[in-house]
Each structure stands twice: as structure tokens, then as C-alpha cells.
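What follows is a set of notes on a single structure, which appears directly below.
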Amino acid sequence: MKILTAREYEEILQQGLHNGEITEHSDGVEHCLEVQNQWITGRDRAIRLRDGLHLKIGDFYNQDRYAGALELQHKASQPLTLSFQLRGYVRVRTQGIGNDYYEEKAGENYLFFVPETQETEEYPAQERLQALKIRVQPHFLRTLISSPTDSLPAELNPLLEGRKGNIFHRRVGKITPEMQLAVRQILQCPYRGITKCLYLEGKVLQLIALQFAQMTERDCVAHCNLHNSDIECIHQAKAILLSDLNNPPSLLELARQVGINDYKLKRGFRQVFGTTVFGCLQAHRLERGKQLLAERELNVAGVARAVGYASQSRFCDAFKRQFAMTPRDYLASLH
């Protein structure tokens, strides 16, 4: 396996820009690098939303038959990073965090703070890698949250207090349906200029809130009274809920079917899945509606009824919120 140093990587980048294998362009909000060579195809998007708040979206395919690795030396200014791995996986080893590699896998999200560390990242051969990363400087975080609070992840308290803080890398959990929605809306942003910047900033702040909520809820699960049997009941409840999207049971009936009370079901559902019972149901209804639209066997009204919406207009409104386009726009995009 060839391991590139940060200096070698920078030299390859400059050479690619010179010979046309790498092109760059900007629309005033987003700076994008497009890569097309014998080893890698894809693009890297960097968006500065505010001082101390940046968004990076990478989507690459490693065409090489061999895995590659990159050595990085992070500066003291390396920000707090929220990472949402959308496709593929990366093996990482960070100085000061254990002695072995850990993985960042598709479908999961992470929070890490690794200033002044040396890091080695391994990329698998012939694999598509797509990740969305939010980079937050401590001074911007303090503008959002004025002081440390018990309802936030404990790792953030030193940063909120203006102290350096310990390095850490934490697997937060699965990317929830609400997170998936915000990510899709970012990737499919239909706006330009200042409207684009404002829209993306709102979605990024939403993702920050959702990840912090998931972390605190997971911490709560670790210290609450949910037993293994309760967690099994909650997973069973989700399976029942999604087995009939058109006619799901009420919350009370769902709780009765799995053998726990409705309060524990509501609280436990959010703790285990990071979303509400209704939020989970709606996300899956809309995903199923999107599939049915693509099959083109039903019109929009028929799809709305098939996934449990009594009103076509409510289905269309919910569809647009989730996918940043109307059902008719989605149908047109299939051409």
C-alpha cells in the first residue's frame, strides 16, 4: 500500500491543476475541485457559511486496484468536526486515540476533535466514498451555546468554556431519517447566491442539533432504565409500524402489541432510533412514495393514498420538505 504524505499529496494536487486532471470553480459560495485521472474520479466541495462554520462534501471513486493511504498532520486550529459517512468506509488511525485503526462506515455519523495530531487514513480500492462534514470552530460553537450544559455531550464542555479540550473521536450512531432528510436537502440544494448560503446554513445547524440530540439520548439510554427486553420490544414496535404504512396502529395499540406502556415506547423509541414514532413512520411513507412514483403505475393522488395520506396536498407538502422537490418535479427529473 502506497502511503502519501501531506506534502506529496499537495504536490499531486498542484500537478493535477497544472495538467488539467483537476479543475476548480466557484460560484461565490462554494469552491469545488473536480478530479478525473487514472486513479480517482469525483469532486470535493467546500462551502464557507460563516466565520468558524464550514461545510465540506466529498464524493470520490478510487479506481485503483490497490488501497491507498494519506498521512495528515493536523494544525492547532483543526476544528470540531461532525462527519456523516454516506457511502463506503475509511480506516483511520489517530495519534493519541488508541493504538489501532478504527473505521468510519456508511450510514453512521461521528464527532471528533483532533487538533495537533498525526493521522493516517486508508482508502479501499475500487470503492466509492461519499461523506458530508461540518467543521465548527470553538468560537462559533460558543455563539450558539452560551455556556456548558448537562444536556450537551460532555466532550464539548471544555470548548464552551474556552479551554483547549481533550482530543476525541466518537461514533455517535446511525444516520437517522431526520438526518438523511437534511443531508438530501443539502445535496439537492436548488438555490444560488445568498439564498443558497442561508438555506445551507439552516440545514447545517439542523444537522448539528440532531447529532447533539442523538448523543445525549444515547448517553441517556446508557443511564436510564431501559432493559434489553425493553429495547427488543421497541425494535419489534418499529417492525410492526412499518409493516403496514397505509394503516399503522395507534401509539396505544402499538404499545399494547409489544407489551410496554406508551410512555416507555415514546421515550425509548427516540432513545434507540433518534426519532419519534411519527417521524419514523412519515420518513418511511415518503421513501415508499418516492419508489411508487418512480414505478409510474400510480398517479400522485394514488401514491398518496397508497402510503397512507388522505390528502394529496399534504403528501405533496411533506414530499417537498423531505426531498426538496415536489412529486411532479421528481417525476420530471426521472426523464
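Could you check the spin-label model distance between Lys75 and Ile240? Points 7 Å from the Cα along Cα→Cβ, value in nm.
5.6
For segment 1-111, what is one quarter of the convex hull surface built on the Cα atoms, given in nm²? Please report the intermediate quantities before stating the final value.
Numbers: hull surface 33.0 nm².
Projected over every direction and averaged, the Cα hull of segment 1-111 covers 8.3 nm².
Whole angstrom only: what separates the Cα centroid of segment 5-29 from the Cα centroid of segment 226-266?
Centre-to-centre (Cα) distance: 52 Å.
Rounded to two decimals, what is the ratio between the C-alpha radius of gyration of the chain and 2.2 N^0.38 Å? Kindly include the intermediate steps, with their values, before the conclusion.
Numbers: Rg = 22.0 Å, N = 335, 2.2 N^0.38 = 20.0 Å.
Compactness ratio reported: 1.10.
Which pairs, out of Lys174/Lys238; Lys56/Lys238; Lys164/Lys196; Lys56/Lys174; Lys56/Lys164; Lys105/Lys264, put more than 22 Å between their alpha-carbon atoms? Could you put the intermediate results ahead of the total?
On the way: Lys174/Lys238 15 Å; Lys56/Lys238 33 Å; Lys164/Lys196 33 Å; Lys56/Lys174 20 Å; Lys56/Lys164 24 Å; Lys105/Lys264 30 Å.
Lys56/Lys238; Lys164/Lys196; Lys56/Lys164; Lys105/Lys264, as the Cα separations exceed 22 Å there.
Label segment 176-309 by shape, choosing from rounded, prolate and oblate, from the square roots a ≥ b ≥ c of the eigenvalues of the Cα gyration tensor; if a/c is under 1.5 it is rounded, and otherwise prolate applies when a/b is larger than b/c, oblate when it is not.
Values: a/c = 3.30, a/b = 1.22, b/c = 2.71.
Oblate.
In Å and from the alpha-carbon atoms only, list the Rg and Dmax of segment 233-335.
Rg and Dmax of segment 233-335, Cα atoms, are 15.0, 48 Å.
Taking Cα centroids, how far is segment 87-121 from segment 288-305 in Å?
Value for the Cα centre distance between the two parts: 41 Å.
GNM, the chain, Cα, under 10 Å: largest mean-square fluctuation among Gly58, Gly20, Gly289?
Sorting by GNM fluctuation, first place goes to Gly20.
For a Förster distance of 25 Å, can you work out the FRET efficiency between the beta-carbons of His227 and Lys174, rounded to the nearest 0.05?
Efficiency for this residue pair is about 0.75.
How much length is gained if the chain between Arg296 and Ala154 is pulled fully straight, taking 0.36 nm per residue apart and subtracting their Cα-Cα distance, in nm to one decimal? Show your work: numbers first, answer last.
Values: separation 142, 0.36 × 142 = 51.12 nm, distance 4.92 nm.
Stretched fully, the Arg296-Ala154 segment lengthens by 46.2 nm.
Identify the GluC sites (Glu not before Pro) of segment 212-306 meeting these criteria: DSSP loop state and at most 10 other C-beta atoms within 10 Å of the C-beta. Write down the numbers at each step before the final one.
Working: sites: Glu217, Glu232, Glu253, Glu287, Glu295, Glu297; in loops: Glu297.
Loop-located and lightly packed - Glu297.
Between Phe278 and His31, what FRET efficiency comes out of the Förster formula 1/(1 + (r/R0)^6) with R0 = 41 Å and r the beta carbon distance, rounded to 0.05?
Working: r = 39 Å, r/R0 = 0.95.
The computed FRET efficiency comes out at 0.55.
Given a Förster radius of 35 Å and the C-beta distance between Asn166 and Leu205 as r, what FRET efficiency does 1/(1 + (r/R0)^6) yield to the nearest 0.05? Numbers along the way, then the final one.
Working: r = 25 Å, r/R0 = 0.72.
Rounded to the nearest 0.05, the efficiency is 0.90.
Could you work out the relative contact order of the chain? I mean the mean sequence separation of Cα pairs under 8 Å and 6+ apart, divided by the number of residues, in percent.
Values: 565 pairs, mean separation 42.6, N = 335.
So the answer I get is 13 percent.
Which residues in segment 39-75 have a backbone N closer than 14 Å to a point placed 7 Å from the Cα of Arg128 along the Cα-to-Cβ line?
Inside the label zone: 41-43, 58-63.
Read-outs throughout are calculated quantities, based only on the coordinates presented, and are distinct from any laboratory measurement. Since we're looking at a predicted model, the values are computed, not measured. When we count neighbours, we look across all protein chains shown, and the Cβ atoms used for this are built from the backbone with ideal geometry, even at glycine.
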